[in-house]
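Just below is one structure, and these are the notes that go with it.
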Amino acid sequence: MPQALRGPAAAAPLAQIAAHPAVRAVVQRVLDSLGRASTGAATRIARAIVLDEAPSIDRGEITDKGSINQRAALKHRAALVEALYAEPPGRG
């Protein structure tokens, strides 16, 4: 976690943490690093979204074993997926 979000700021709402410039900078650095290490289209991250809402067990997005239920997550976040694949990409 970035230094700017340690302590009381770490207890902030997830939407506030996801939008924080320090968090977004860390995510960008990680994506840039992964991009440099990418060996081809199959390992390249073309687009990403930092979600401001955790997966919901109540909506079936998390299995009993703690894994992501992709079908449920895609169903409940369809607008975000559409925005991710839009040309140009945008926010759903």
* Asked: Within the range 5-29, how many residues turn out to be at pLDDT 85 or above and part of a helix (DSSP H, G or I)?
  -> 15
* **Every residue from the range 78-92 that is surrounded by 12 or more Cβ atoms within 10 Å (Cβ to Cβ) and touching a residue at least 12 places away in the same chain (Cβ under 8 Å)** => LEU80, ALA83, LEU84, PRO89, GLY92
* **Residue count, the range 30-77 (criterion: on the phi > 0 side of the Ramachandran plot and surrounded by 11 or more Cβ atoms within 10 Å (Cβ to Cβ))** => 1
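The values are calculated or read from the model by the stated rules, or taken from the named source; none is laboratory data. These figures come from a predicted structure and were not determined experimentally. Cβ atoms come from the backbone with ideal geometry, glycine included; neighbour counts cover every protein chain shown.
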